[in-house]
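Structure record follows, encoded as structure tokens.
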Amino acid sequence: MSVRLLPDSLIDIIAAGEVVDKPANVVKELVENSLDAGADEITIDVRDGGRTLIMVVDNGVGMYRSDLEKSILRHATSKLPTDDLLDIKFMGFRGEALPSIASVSGMSIETNGLFMDANSGRIIPSPHESGTCVKVKNLFQNVPARLKFLRSDRSEMMSVSEIVFRLALARPDVSFIYNNKLRLGKEDDALARFEIIAGQDCRGKMVQICETDGEIKISGFVSTPILRRASSIHQYLFVNRRPVRDKVLAGALRAAYFDVMHAREYPLCCLYLDIPSHMVDVNVSPSKTDVRFLEPSRIRDLMVRAIRSKIGESHSKQDSGFGFQRSGLQDVGCVQPHLDLEVNNTTFQIGDFESPQVPVGNQLSLPLGFARAQIGSKYILAESNNGLIIIDQHAAHERIVYEKLKKGGVLRQQLLIPHVLHMTDDDVAAVLDVRSDLEDSGLVVERFGETDIAIYEKPADWDMDWPECLKSVAAQVRAGGTGNSLKEALHAKLATYACHHSVRAGQKLSLEQMNALLRQIEETERGGFCNHGRPVWKTFSFDELDSEFER
Ligand code: ADP
Ligand code: MG
């Protein structure tokens, strides 16, 4: 067989396979070009799932004749003025999209008084005055293999919509009109757009976050644990305003919710990471949705910190209306009845305690108020100056037990015979990298020869498949994470432990016991949610009650 250089036409089709493997990607490339051209109004029309027509019209700077001619040549771009691939200021930079799309469709470009048939390269005058209109007809008509693999018009259309949503969230400063149905104006900010896209049930249930670490900033909003989805569908992540799918960010999001949401449920978010361009590589895949960070763990830590500091307080703020600020309430700081919560032996009962020496009047001003009654042997009814609060006694106690367990540190137990585990060099290095994290979680490990790890101590109170656990830690570290999978595994254990040792629904409580429970939950971090993200209490303000009773 002789070696031959492939003809340009074939090279374009091969490149098209990577850049535009479905209609949604064509839409993405064209809209990104419009954004790069400085447009602030973009109109997108897509017919038959993109098979027959894709049209993107913008009011950007457009192109002059010589640029128009060059725009459909391979690797022709106006966006890399220097040769520095780590200094990328535009959505595009590879100069591949237009030639790739033209090679698999009937494409035309109208811009600044010119019309170009992109397939023949012929240019004629056009009445189209400013901005650019790109039309793509009969996509993949000349590539039957690709055409065969297109899904139904409906599902291709869903992918297209998803791309439009992502770009509209990435750039709330730009108006988008999509198929004449979705109209997002500049007055619709990111949150308003998000509510339109993700559903009205998000209203009032998203919390703003904003946190920085040096030149790195994370901002946007995330759902309170009460709002979740069965898939990651409404998780929108952006790096320097570029929509991305990234393991580091997705992992950080999961980690941030790990003890307030079930692993099979997903929080909603719209998060913008702003990072100096030299700290991130976006030239990882032709579609530019993958990124690589210079310091993944720094980003992960920032994101986890930013989210956790907000979702802890969100429930109390939203549902109770007065938050958990104890300032101004110091005079009742003597309210310290204790629930008997022994951590290392298993008596988790509301034990004997002094009945709280706090007058009812003072307790009414506390966040969860004064317990008046128990109903159904599972709910506590409390009165506060603000109104009525209903507390789920099991969920409340579960949270208390769990946070105590976590705070108490993990009791370690020395193994009589160290457990030796064979791993690859890389895995050994990865595990040693997070040795101190592991120790915090109760696992003491050392290198044992070249390719073995020995476990010397393990958490005392529970058993799990530690070797398996270490392997998953290694895999996670190598993918840019920290020793968090161990933490998550431990969390699962803690949660079951907490659940089994908490006050059950069905258990009768005295008034003193109920009030003791309320005071404890007020002191507990993330007290608003049980370990599975269910709410612990609900508030009905006097205002709400009055309006219910038409007072
Ligand atoms: P890239 O975006 O990576 O540069 P493309 O093939 O998508 O590559 O586009 C090639 C060039 O055509 C761009 O660099 C830009 O100069 C020009 N161009 C494409 N679309 C537009 C548009 N909508 N408005 C103005 N210029 C455009
Ligand atoms: Mg482009």
Which numbered condition in (1) within 11 Å of ligand 1 (Cβ to nearest atom); (2) under 30 Å from the mean Cα position of the chain (by Cα); (3) assigned to a helix (DSSP H, G or I) is the only one that ALA24 fails? (1)
The lone condition SER219 fails out of (1) under 30 Å from PRO276 (Cα atoms); (2) in a loop (DSSP other than H, G, I, E, B); (3) of a type in the set (Gly, Ala, Ser) is (2)
PRO296, sole failed condition from (1) under 24 Å from ASP189 (Cβ atoms); (2) touching a helix residue (DSSP H, G or I) at 6+ places or on another chain (Cβ under 6 Å): (1)
Assess whether VAL335 counts as being part of a loop (DSSP other than H, G, I, E, B), at pLDDT below 90, touching a Pro at 6+ places or on another chain (Cβ under 7 Å) and under 21 Å from CYS202 (Cβ atoms). no
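Go through the range 491-501 residue by residue and tally those that are within 22 Å of the chain's Cα centre (by Cα) and either open to solvent by 70 Å² or more (accessible area, probe 1.4 Å) or not small (Gly, Ala, Ser) (or both).
Number of matching residues: 1.
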Restricted to the range 68-97, and to residues that are within 16 Å of ASN112 (Cβ to Cβ) and within 6 Å of ligand 1 (Cβ to nearest atom), which residue is most open to solvent (accessible area, probe 1.4 Å)? SER78
Can you tell me which of (1) surrounded by fewer than 20 Cβ atoms within 10 Å (Cβ to Cβ); (2) hydroxyl-bearing (Ser, Thr, Tyr); (3) within 16 Å of ligand 2 (Cβ to nearest atom) is the one TYR64 doesn't meet? (3)
Open to solvent by 30 Å² or more (accessible area, probe 1.4 Å), more than 16 Å from ligand 2 (Cβ to nearest atom), under 20 Å from ASN142 (Cα atoms) and free of Cβ contacts under 8 Å to residues at least 40 places away in the same chain, is that true of SER108? no
Answer with yes or no whether SER472 is modelled with pLDDT of 75 or more and not basic (Lys, Arg). yes
Tell me which residues, restricted to the range 68-102, are more than 8 Å from ligand 2 (Cβ to nearest atom), within 26 Å of LYS22 (Cβ to Cβ) and in a helix (DSSP H, G or I). SER71, PRO99, SER100, ILE101, ALA102
Before we move on, is ASP45 open to solvent by less than 60 Å² (accessible area, probe 1.4 Å) and not aromatic (Phe, Trp, Tyr)? yes
Within the group TYR272, TYR266, which residue is open to solvent by 30 Å² or more (accessible area, probe 1.4 Å), in contact with a Leu (Cβ under 9 Å, 6 or more places away or on another chain) and either at pLDDT 85 or above or not acidic (Asp, Glu) (or both)? TYR266
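The values are calculated or read from the model by the stated rules, or taken from the named source; none is laboratory data. Predicted model only: the values in this text are computed from it and were never measured. Cβ: placed from backbone, ideal geometry, glycine included. Neighbour counts: every protein chain shown. Accessible surface is based on the protein model in full, side chains and every heavy atom, while ligands, DNA and RNA are left aside. Shrake-Rupley method; radii C 1.70, N 1.55, O 1.52, S 1.80 Å.
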